[in-house]
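Q: Take this structure, written in C-alpha cells, and hold onto it; I'll ask about it next.
Derivation of every value follows stated rules applied to the coordinates shown; laboratory data play no part. Given the structure is predicted, the values throughout are model-derived calculations rather than measurements. Every residue, glycine as well, gets a Cβ built from its backbone with ideal geometry; the counts of neighbours run over all protein chains shown.
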Amino acid sequence: MIDIKNERGFTLIEMLIVLFVVMCLTGIVTKISLKVAEIKELERFFTQIQLDVQFIQTYSMQQREYVSMKFESPPHRYIIKKDFYTNYYERPFPKGVELMTASSTIQSIMYNYNGNIINAGTLYFKTPQGIKKVVMTLGRGRSRVE
C-alpha cells in the first residue's frame, strides 16, 4: 500500500485571498501617494512664483532695468521678460491650475529699476484643492500666497 504524506501548504483559495488583500492595500496607498504628490506640486508651483518675483525684483535693481512677469491664461503659463521682444524664461502651470482672469486685478507684475512694484494687486488661481490667491503688495512688492 502506498503511504501518502500530508504536506502542510497553502491552498489556492488562501493564496488568492492574500493576493486580494495585498492588491487592495497597494491600490489604497497608490491613491493616497498620488494626492500627496499633487499637493506638493502645487506647493512647489506657488513657491516658485514667489521666488521668481524676488528674482525679477533683484534683477531689476541690479541691472537698473524694468522687468515684468506676465501671466497668460489660455496657454496656462507665465513669462518673465525684459522688454517686448526679450523673454528670459517661461514656466507652465501645473495640470489643473488655471488663472482666473475675471477675478484677478492684475495680469502682469512689473518692477522699476529701484525694485519697487509698479502694479500691485491680486492673482487668483483655480486649483484642484480650491482657489488660491497670490497677493502683490505695494512698495518693495513682496508676494504672499493665501
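Q: Is one or more of the residues making up segment 26-44 part of a helix (DSSP H, G or I), free of Cβ contacts under 8 Å to residues at least 24 places away in the same chain and of a type in the set (D, E)?
A: yes
Q: Just to confirm my filter: which strands (runs of 3 or more DSSP E) fall fully inside segment 65-146 and include at least 1 residues that are touching a residue at least 40 places away in the same chain (Cβ under 8 Å), out of contact with any helix residue (DSSP H, G or I) (no Cβ under 8 Å at 6 or more places or on another chain) and surrounded by 13 or more Cβ atoms within 10 Å (Cβ to Cβ)?
A: 67-72, 108-111, 121-127
Q: Okay, next question. Those residues that are among the polar types (S, T, N, Q) and crowded, with 16+ Cβ neighbours inside 10 Å, I need them from segment 37-64; list them, please.
A: Of everything in segment 37-64, those that are among the polar types (S, T, N, Q) and crowded, with 16+ Cβ neighbours inside 10 Å turn out to be Q57, S60.
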